[in-house]
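J.: I am attaching a structure below and will ask some questions about it afterwards.
What follows draws every value from the coordinates through simple rules; no lab data is involved. If you're wondering where the values come from, they're calculated on a predicted model, not measured in any experiment. FYI the Cβ positions are ideal-geometry reconstructions off the backbone, even for glycines, and counts take in every protein chain you see.
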Amino acid sequence: MHTAYQRLSNVSAFLTSCAMVLVALITIASLPPPPDVSSVVNLSVAAQKVLSGRRANYGRERDYAFFKFDYSGDLRPLFDWNTKQVFLYLVADYTNSQGVHNEVVIWDRIVRRKEDARLRIADQNNKYPFKDYSTTFKNSSDVGFTMHYNIMPHVGILKYGTVGTISDRVQFPAKEAKTS
Amino acid sequence: MGEFDKIRKMGVRQFLLQVLNFVGVLASGLMIWKGLGLVCNTESPIVVVLSGSMEPAFFRGDLLFLTNPRETPYMLGDIVVYKIPADRSGAEQIPIVHRILEIHTKPKTQAQMILTKGDNNPTDDIGLYRGLPWLERSHIVGKVRGFLPYVGYATIAMNDFPQLKYALLGGLALMALVQRE
């Protein structure tokens, strides 16, 4: 005996299993690591200045560093049939005078289409305030800069990788005298 | 009233068996959830995105799979789920899914001081931390590893319309009692 309810339940159960298998297959098919994109990248960073000031939310007066960078690269190989977006971010890393190792994202960009994946960025300032764990950059090591990416899939696991890094670390500029 | 007649005809033994079956289903669901939590080392291995602060990466109703291995340090660019402890006003702890923007690693303890930001927010999360200067490992529920769109929308619907939840639960319970294999 097959009631309408039984038929409905069977069909929906079958469709659910099909969808789950499909999702699993997509996830497995997109497991392999993304292609290398570091061969076509130019990245250079120049120090601008260090200013001290007080900003809402960050408490007492502290130093803020400013850098400018140029970047050009081709991220098109990262876009395949299961790529929803690529999140590109520039990371500064250095060690401060207290031995604290700092990694700070100073700029990011969301790339949603393959057509927009060839980027040429010049004279770009840092997007986010660049501040130390303490209040000052005094006696910190030189800064290294690396461009990273994160691939967000339509379905499946998130992938991370490096696009390129600068060859020589950049020194923090001396703090400018306050003008006020 | 055929259904009620059926229940009456079932007899005590059969009725209890059905109840046992239903409880068994519930218990195995809970066991799978807790077991997954144990393997992934997180209190909730699967979470539903509740806000639009990570758009266009994650939308409301998307499902995220988390892990939180104890020995693995967090990395810049990781998307994490964190909970800020309740303050004195006793405000609820709402889990937040955001991306790591800064990590400061202390030299001796290797403790990581973390700052996060939602991709869709203009500024970082310092204003959400209820006075904490940094996030630490103890606040973090897990790191997002996998993604499945839309599926979590059912839970959002159930939260927005509680009647739906009770109707669904009641219906399931009744069905489990009535149905005979």
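J.: Going by how many other beta carbons lie within 10 Å of each one, how would you line up A:ILE166, A:ILE28, B:ILE103, fewest first?
T.: So the residues, fewest neighbours to most, are A:ILE28, A:ILE166, B:ILE103.
J.: What stretch of chain B, leaving out the sites themselves, is the longest with no trypsin sites (Lys or Arg not before Pro) in a DSSP loop having at most 11 other Cβ atoms within 10 Å?
T.: Longest run free of exposed loop sites: B:109-179.
J.: Okay, next question. If I model a spin label at A:ARG60 and B:PHE15 as a point 7 Å from the Cα along the Cα→Cβ vector, what separation in nanometres do I get?
T.: For A:ARG60 paired with B:PHE15, the spin-label model returns 7.3 nm.
J.: Over 10 Å intervals from 0, what percent of Cα-Cα pairs in the range A:29-149 sits in each interval?
T.: Per 10 Å bin, starting at zero, the Cα-Cα P(r) for the range A:29-149 comes out as 12, 38, 28, 17, 5, 0 percent.
J.: Please build a GNM for chain A, connecting alpha carbons under 10 Å apart, and tell me which residue among A:ALA47, A:ALA92, A:ALA19 fluctuates the most.
T.: A:ALA19
J.: Taking a ≥ b ≥ c as the square roots of the Cα gyration tensor eigenvalues, with a/c under 1.5 meaning rounded and otherwise prolate when a/b beats b/c, else oblate, which class fits the protein assembly as shown?
T.: Note, shape of the protein assembly as shown comes out prolate.
J.: Oh, and also: Calculate log10 I(q)/I(0) of chain B for q = 0.11, 0.19 Å⁻¹, where I(q) comes from the Debye formula with a single equal point scatterer on each Cα and nothing for solvent.
T.: Here the Debye-derived log intensity ratios amount to -0.63, -1.31.
J.: With r as the distance between the Cβ atoms of B:VAL39 and B:ALA86 and R0 = 25 Å, compute the FRET efficiency 1/(1 + (r/R0)^6) and round to 0.05.
T.: Calculated value: 0.30.
J.: Scan chain B and hand back the longest stretch that contains none of the chymotrypsin sites (Phe, Trp or Tyr not before Pro) lying in DSSP loops with at most 16 other Cβ atoms within 10 Å.
T.: Maximal segment without exposed cleavage sites: B:60-149.
J.: Something else: Mean residue ellipticity at 222 nm from the helices of the protein assembly as shown, using -39,500 (n - 2.57) per DSSP H segment of n ≥ 4 over the full residue count, to the nearest 500 deg cm²/dmol?
T.: On the way: 4 runs with 90 residues, N = 361.
So the helix-based figure for the protein assembly as shown works out to -8500 deg cm²/dmol.
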